[in-house]
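Below is one structure; the comments refer to it alone.
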Amino acid sequence: MRVSILGAGAIAYGLAAYLAEAGHDPMLWSPSGERTKALAAGGLLKATGAIKATTKVRIAKDCEDAIADADVVIIALPAYGHKMVMDAAAPYLREGMPVIISSHSSFGALYLSKRLADRKVSLPIVVWGTTLVTGQQRGPAEIDVATVRQKLDVATLPFSAQDQGFELCTTLFGDRFVKRDGLLAIALSNLNPQNHLGIALLNLTRMEKGEQWSQAGNVTPAVGRFIEALDAERLAIAARFGIAVRTVEEHFSLSFHVPMATVSEMNQEMDRQGRGGFGPSTIESRYILEDVPFGLLPTVLLGKISGNSAILHESGIAIFSAAYGRDLKGDNDILPALGFEGMAKADLENLCRKGF
């Protein structure tokens, strides 16, 4: 299949390498054009680590070019770029053309649904609870893939297209997807924001001083207990919506292939195996700048709508905003367009089933 990936960071490169190795035909579009210059000039994409490949990848000259002959479009860049990319793509997306959001944040699927409804265009929007791969770019044409996840939560908007979205993902990426009960379930299945809150908040000076530090190795028992307490808030909100989601312990075990234990024990095992990775070496990190406004804030909003407040999540937003000297909530450019403030629980549930 011809798969156009809107984005050109580590996740986009990892997806392109995976698809090429699986016999598909990926194309990358960099919104700035900077990241893909070497590939556009004829360079080969090299993947190391969990994916080993050296392959030619097509590069789009603009968003219209990326979408023109694609069978599938994947949005794969940090959440603070989702609105910009959706605004760029919306005029060119065709009736019935599937769009995958990797990974879904801050009800971006509803924003895209609203933009398409203005054009009277209907298509399946497939959302993932997290990314298929993790890794780091090693250069303008090289990606080191740390992990290809064994299991990945998936749902489709509208819910009536759930089977179609699941089959598409399986065709592209293999038998690793788990159907979840709609968009709300995915919104409450992305554990990265809560986990990164615990990791970044309790290691913030390491980040600010630019130290090199083991991320998993520094998920000490205290950090692990904090993450588990954050998880309890998320699980309570999911229960108010009648949604079953994975626990943080299940997430670490399935994603990183370690035996079930406490959050700290699983991270320490990853560190012992040399798979702990390094934590951010700057406070200009997506762990905060992406995950606070686009991850923690939606969870807090769902808590308010469901009548089950997320005190630790909300406190994390306030603490980071104080540490950064600015209101990080204001960085979210998606939620203000959706009119969630004051929305009744039943109305939100209906919107997350049908879209706009």
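Which whole-number percentage describes the relative contact order of region 38-101, with Cα contacts under 8 Å and a sequence gap of 6 or more? Mind dumping the intermediate values first?
Working: 54 pairs, mean separation 17.8, N = 64.
Taking the mean separation of contacting Cα pairs over the length of region 38-101, I get 28 percent.
Dipole size of region 224-356 about its Cα centre, with +1 on Lys/Arg Cβ and -1 on Asp/Glu Cβ: approximately 280 debye, rounded to the nearest 20. Could you list, in their original order, any pairs among Lys179/Lys304; Lys114/Lys354; Lys304/Lys329 whose Cα atoms are separated by more than 20 Å? With Cα atoms farther than 20 Å apart: Lys179/Lys304. Label-to-label distance, Phe159 versus Lys354, with points set 7 angstrom from Cα along the beta-carbon direction: 1.2 nm.
Note on Thr205 and Leu44: the model spin-label points, each 7 Å out from Cα along the C-beta direction, lie 4.8 nm apart. Can you classify region 202-356 as rounded, prolate or oblate using the Cα gyration tensor, where a ≥ b ≥ c are the square roots of its eigenvalues, rounded means a/c under 1.5, and otherwise it's prolate if a/b beats b/c and oblate if not? Here region 202-356 falls in the oblate category. On full extension, the segment bounded by Met97 and Asp25 gains 24.3 nm, given 0.36 nm per residue less the C-alpha separation. Kyte-Doolittle cut-off -0.5, length cut-off 27 Å along the helix's own axis using Cα: show which whole DSSP H helices in the chain pass. Helices meeting the criterion: 221-240.
Loop-located GluC sites (Glu not before Pro) in region 1-67 (DSSP state not H, G, I, E or B) with no more than 11 neighbouring Cβ atoms inside 10 Å: Glu34. Near Pro158, once Lys and Arg are set to +1 and Asp and Glu to -1 for all other residues with Cβ below 9 Å from its Cβ, the sum equals +2.
Quick one: go through region 267-290 and flag any residue whose amide nitrogen is under 19 Å from the point 7 Å out along the Cα-to-Cβ line of Glu34. In region 267-290, the label zone of Glu34 (backbone N under 19 Å from the point 7 Å along Cα→Cβ) covers 281-287, 289-290.
How far, in nm, would the chain grow between Lys345 and Thr55 when pulled straight, counting 0.36 nm per residue and subtracting the alpha carbon separation?
Details: separation 290, 0.36 × 290 = 104.40 nm, distance 4.76 nm.
Once the chain is fully extended between Lys345 and Thr55, it gains 99.6 nm.
Around the amide H of Glu142, modelled in the peptide plane, lie the amide H atoms of Lys46, all under 5 Å away and 5 or more residues distant in sequence or on another chain. Estimated from helical segments only, the mean residue ellipticity of the chain at 222 nm is -12000 deg cm²/dmol, where each DSSP H run of four or more residues counts as -39500 (n - 2.57). Residue separation of Phe278 and Arg240 scaled by 0.36 nm, minus their Cα-Cα distance, works out to 10.1 nm of gained length.
Taking the charge dipole of region 150-238 about its Cα centre, with +1 at Lys and Arg Cβ atoms and -1 at Asp and Glu Cβ atoms, the residue from Pro193, Ile237, Trp213 reaching farthest to the positive side is Trp213.
Of the GluC sites (Glu not before Pro) found in region 282-356, those that fall in a DSSP loop while having at most 12 other beta-carbon atoms within 10 Å are Glu284, Glu341.
Along the positive direction of the dipole of the chain (beta-carbon charges: Lys, Arg +1; Asp, Glu -1; about the Cα centre), which of Ala17, Pro293, Ala76 reaches farthest? Value computed over the given set: Ala17. Between Gly342, Thr262, Val99, the Cα set farthest toward the positive side of the dipole of the chain (charges on each charged residue's Cβ, about the Cα centre) is that of Val99. Averaging Cα coordinates gives a centre for region 143-162 and one for region 195-269; these two points are 20 Å apart.
Residues whose amide H falls under 5 Å from that of Asp153, counting only those 5 or more places apart or on a different chain, are Gly129, Thr130, Val178, with hydrogens built in the peptide plane.
Taking the Cα centre as origin and putting +1 on Lys and Arg beta-carbons and -1 on Asp and Glu beta-carbons, what dipole magnitude results for the chain, to the nearest 20 debye? Provide the component values of the computation, followed by the final result.
Numbers: 35 positive and 38 negative charges, 53 e Å.
Here the size comes out at about 260 debye.
The alpha-carbon of Lys345 sits under 13 angstrom from the alpha-carbon of none of the aspartates and glutamates, leaving out residues fewer than 8 places away in its chain.
Read the figures in this text as sums done on the coordinates, not as results from a lab. Please read all numbers here as calculations on a predicted model, not as lab measurements. As a convention, Cβ positions derive from the backbone with ideal geometry for all residues, glycine included, and neighbour counts pool all protein chains shown.
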